[in-house]
Structures are given as structure tokens and as C-alpha cells.
Amino acid sequence: MRKVEWHEEIDSTMRRAGEMASKGCESGTIVGAEVQTAGQGRHGRTWESQQGGLYFTMILRPKVEMRDLPVVTLALGLGVADALQMHAGVSVDLRWPNDVLVGEKKLAGILTVWQEGAILAGIGVNVGQAVFPEELREVATSLALETQKEHDKQFLLRAIAASVESQVRILESSGVNAVLRLFANASSYVSGKRVTVELPAGVVIGTTAGLTPEGFLVVRREDGTEMTVTAGGVRPANNH
Ligand code: BTN
């Protein structure tokens with residue numbers, strides 16, 4: 001039986017998961033909350049975590065090397081995307097490395113942290129939100145908005161957890177290339193997509209041209225030269 005610790009309110013399930021991992025909790029343990037007061041997003045951003053969403057962190061102890069972390073990140077996205085397609089009836093896309101989208105709007109976000117050999121997989125899914133704060137309205141969506149139905153968060157939690165574990169098992173047993181292939185099939189962002197990439201040095205425009213063996217995204221600039229994107233910040237070029 002999987003251990004699930006559930007909170008009505010917490011600062012961030014990432015912080016609590018870090019404590020649980022350092023005390024040696026089992027792989028597959030989950031900490032979740034109805035509301036987070038200091039939800040963490042990628043790149044130091046905050047993650048809007050009001051009532052209605054599904055917020056949890058799963059502690060995983062996969063048998064992989066630290067260098068495979070970028071591919072674990074892709075596997076987590078595949079797990080969340082598969083579960084939402086199968087159990088919530090939505091058609092989703094994956095924006096590298098692992099944003100789960102409906103069209104161009106974000107349905108779920110994943111934060112991956114490596115802590116002393118454990119992976120803290122922080123997953124936020126917009127489930128029941130009927131409206132988003134003004135600044136998110138153009139870029140976020142929820143299962144309620146997409147399907148006009150109510151969804152059982154505890155059922156989704158278990159479906160996503162099982163699906164994520166299954167993708168991690170594929171990585172452990174079949175290796176990095178199997179996950180790269182699955183990701184390339186599931187994501188419209190891997191090749192032939194015109195994107196902008198936000199880098200500290202400025203914005204680059206180009207067309208995606210596959211994944212590196214490490215799981216990074218290759219982008220061909222307009223002058224034909226290629227660059228490897230190792231962190232997020234990829235957006236469709238038509239949004240700018
Ligand atoms: C992203 O920026 O796309 C990643 C968002 C990750 C949000 C989840 S919600 C549960 C877990 N706890 C957090 O504080 N963040 C992650």
C-alpha cells in the first residue's frame with residue numbers, strides 16, 4: 001500500500017516531501033494538499049495553488065544515474081499526460097520538457113528535484129478551477145473547463161501516480177532511448193515546431209529539431225545553426 005499524507009493546507013508539498021525523503025520514506029510515497037500557500041513552480045516561479053487543483057509531490061527512488069535526470073523529467077510528463085488522457089478524457093500535448101497542455105494552454109506542471117538519490121516529483125494539475133486569476137487566463141486551463149465535468153481528485157491522484165511509476169519502470173528496464181521515443185511521439189514540440197526560447201542572453205527564434213541523447217531539445221536558428229536547450233522557456237513562436 002502506498003503511503004499518502006494529505007493536508008488541507010500546506011506551504012508547499014515540495015518542502016514536506018524533502019523532509020520525508022531525508023527520513024528515508026519508501027519510493028512511491030505521496031504528500032498532497034488541497035491548498036498550498038507557497039506553491040513552487042519551475043525557474044523559481046510561484047505555482048498558483050488555490051482550492052480546486054490537485055497538488056502533490058511523489059517521492060521516487062528510481063534505479064537511474066543522476067545524469068539521467070533530464071530523461072526522468074520527460075518520463076514524468078509522459079506519465080501525467082497518459083493518465084489524464086486515459087482517465088479524464090482530454091487530448092493533451094507535451095511542451096518540452098514536461099508541461100502538459102491542452103492546445104497551447106497549460107493543464108498541468110511538473111517540478112523535478114533531485115535530493116540525495118531520491119526524486120521529488122512535484123505535480124500540479126488544474127482540475128476543478130472554473131476561473132483563473134486575470135494573469136493566467138490566457139495561458140492556463142483546467143479539466144473542468146475542458147470537459148465541462150467534475151473530476152474526482154483522489155481517483156486522478158492514484159491514476160497519475162501509477163502511470164508515472166510505469167513510465168519510470170520503462171526508463172529503468174528499456175533505457176533512455178525508449179523514453180525519448182515515447183516523448184517524441186507524444187509531443188508536438190520535439191521537431192518541426194517554430195518556437196521562441198527565452199535565455200538569459202535574450203530570446204532566440206528557431207525550429208525544433210529533435211532531442212539529444214541526454215533528453216535536451218535541439219533548436220535550429222533561422223541562420224541554420226543549432227543550439228541545445230537544457231532548461232525550459234520554450235514557447236510557440238506565434239505567441240510573440
Ligand atoms: C511548473 O512550473 O510548471 C511546475 C509546477 C509544479 C507545481 C507542483 S504543485 C505540487 C508541488 N508542490 C509545489 O510547491 N510545486 C509542485
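Laid out as a table, the results:
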read-out	value
Residues (surrounded by fewer than 19 Cβ atoms within 10 Å (Cβ to Cβ), closer than 16 Å to V100 by Cβ and in contact with a Ser or Thr (Cβ under 6 Å, 6 or more places away or on another chain)) located in the stretch 32-75	none
Output for the stretch 111-138, where each listed residue is in contact with a Lys or Arg (Cβ under 9 Å, 6 or more places away or on another chain) and within 11 Å of the ligand (Cβ to nearest atom)	L111, T112, V125, N126
Selection status of A108, within 12 Å of the ligand (Cβ to nearest atom), touching a strand residue (DSSP E or B) at 6+ places or on another chain (Cβ under 9 Å) and closer than 16 Å to S166 by Cβ	no
Residue check, I205 over 18 Å from A81 (Cβ atoms) and of a type outside the set (S, T, N, Q)	yes
Selected residue (only one of M58, M86, M14, M20 is more than 30 Å from R235 (Cβ to Cβ) and in the same structural domain as R169 (by TED's automatic domain parsing))	M20
Odd one out for A81, checked against (1) surrounded by fewer than 19 Cβ atoms within 10 Å (Cβ to Cβ); (2) within 14 Å of the ligand (Cβ to nearest atom)	(1)
Every residue from the stretch 172-186 that is acidic (D, E) and assigned to a loop (DSSP other than H, G, I, E, B)	none
Filter result (touching a residue at least 40 places away in the same chain (Cβ under 8 Å), of a type in the set (A, V, I, L, M) and more than 10 Å from the ligand (Cβ to nearest atom)) within the stretch 26-67	I30, I59, L60, V64, M66
Test result for M66, outside the structural domain of G215 (by TED's automatic domain parsing) and either in contact with a strand residue (DSSP E or B) (Cβ under 8 Å, 6 or more places away or on another chain) or under 21 Å from G233 (Cβ atoms) (or both)	yes
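The values are calculated or read from the model by the stated rules, or taken from the named source; none is laboratory data. Remember, predicted model here, so these are calculated numbers, not experimental data. All Cβ positions, glycine included, derive from the backbone under ideal geometry; neighbour counts span all protein chains shown.
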